[in-house]
Amino acid sequence: MPALRRAFSLFLPLGLAGTANAELGVNFPPPVSTVGQEIYKVHMVTMGIATVLLVLVFAFVIYSLIHHRKSRGYVADQHFHETWFGNWSWVIVPVLVLGVDLTIAGSAEKTLEAIWTVPKDQKLLDVKVIGHQWWWEYQYLDHDLKVESRFVDKDKAGEHYLREVDHRLVLPTGTKIRFLHTSADVIHAFWVPEIGFKRDAIPGYVTETWAELTKEGVFRGQCAELCGTWHARMPIVVEAVSPQRFADWVRDQRSLKLAAAAEASSDKAWSKDELLAKGEEYYVTKCGACHQAGGEGLPPAFPALKGSKVATGPLGEHLSVVLNGRQGTAMQAFNSLNDLEIAAIVTYERNAWGNNTGDVVQPAQVKAAR
């Protein structure tokens, strides 16, 4: 008994830990897509069959425990195997089990075909999903738009810490959407339970899935493939809206994109304070995952920038590393960023964390270095 009490006192705090607030439920979350509804139907059929079998097996076992116990004087039948049922049960039981399996498999096969077979005869909204260490990139191929989605810290996320992002994946309801999955580095996996499928994002390959959302709302998921140190910081937040709201959102995003492009391409000479302010914002969202907010990095894969030879050395080399990356390392090329973003990031890195080089990089210098 003392040992039992010690074990109970050890595990009780783990069960009552307030920091581990799981999403408790007795069933799958209600599906909000047509393919998700098909999966849910197969799940409910399987659970129904399993429940009936569970009740029958437990009823038989309990009956046997009560009526065949030794205390009642029951004597085991030594010739059961010679009876008709004793002989044929080895055939009948497997046939019944196989029949149950085939009943479930028939429905499951049709559902799998519906999930992986993308409709070809209808107009689809194409969304390319690219996994990165450790954030998601969504490209709306029909609208020439790109959204970078990263987790936000606890102060901004509140109750949805590690389940909230800075930019959501906005999708219209009542529209067939084709998802094209790939990765820029390692294997990731796109998974939102309410939508109903999980699909690996594999570097060098593009895989397809599709869905048609039937309900507006916000639905949360996460990367479902262990992809590195910050795997837990790859949440997915889908915001399903009406087709009209989606059209308005696309228009607003295009306006923001044009305004950012115009600002970046202007010949304005930015002050050091302006570049540092923008640089800190860009650095946290685009570089902080690997090199950390304080510039200390995650050696050896992601070296520190604080006091590094790159961030305090020749400016030209620093720009080259940011623009072109470094082969053989985890440092990828960031030449997809505009001139202002790179100028601000490099200015910030060369003046933050005690790197006080005093260098101020203008967008024109980045343009010349490309």
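Laboratory data are not the source of any read-out in this text; all were calculated from the coordinates shown. Source: prediction; values computed, not measured. Positions of Cβ are generated from backbone atoms using ideal geometry, with glycine treated the same way; all protein chains shown enter the neighbour counts.
Observations
- Chymotrypsin sites (Phe, Trp or Tyr not before Pro) within the range 18-127, DSSP loop, no more than 12 other Cβ atoms inside 10 Å: Y74
- Between F58 and A247, full extension at 0.36 nm per residue minus the direct alpha carbon distance yields a gain of 62.4 nm.
- For L171, L337, L315, the sequence from fewest to most other C-beta atoms within 10 Å is L315, L337, L171.
- Pair L141, E239: separation of 7 Å Cα→Cβ label points (nm): 2.5
- Additional length obtainable on full extension of the chain from L226 to W90, 0.36 nm per residue less Cα span: 44.7 nm
- Once the Cα-Cα distance is subtracted from the 0.36 nm per residue extended length, the K154 to L256 segment shows a gain of 34.0 nm.
- The range 267-369, relative contact order [Cα under 8 Å, separation at least 6], %: 32
- Under the convention that each Lys and Arg Cβ holds +1 and each Asp and Glu Cβ holds -1, the size of the dipole of the chain around its Cα centre is about 740 debye.
- R0 of 22 Å, Cβ-Cβ distance A184-K309: FRET efficiency to nearest 0.05: 0.25
- Measuring nothing but how far apart in sequence close Cα pairs (under 8 Å, 6+ apart) lie, relative to its length, the chain scores a relative contact order of 13 percent.
- Förster radius 56 Å - calculated FRET efficiency between S71 and K120, Cβ distance, rounded to 0.05: 0.20
- Dipole axis of the chain (+1 Lys, Arg; -1 Asp, Glu on Cβ), positive-most option in P30, S308, W353: P30
- Number of Lys pairs (Cα under 18 Å; 8 or more positions apart or on different chains) in the range 267-369: 5
- P(r) weight above 33 Å for the chain, C-alpha pairs, percent: 50
- Here the sum of -39500 (n - 2.57) over DSSP H runs of 4 or more residues, divided by the residues of the chain, equals -14000 deg cm²/dmol at 222 nm, to the nearest 500.
- Count of Lys pairs (Cα-Cα under 21 Å; at least 8 positions apart or interchain) in the range 125-261: 9
- Spin-label pair T34/L298, simplified geometry with 7 Å Cα→Cβ offset, distance in nm: 4.0
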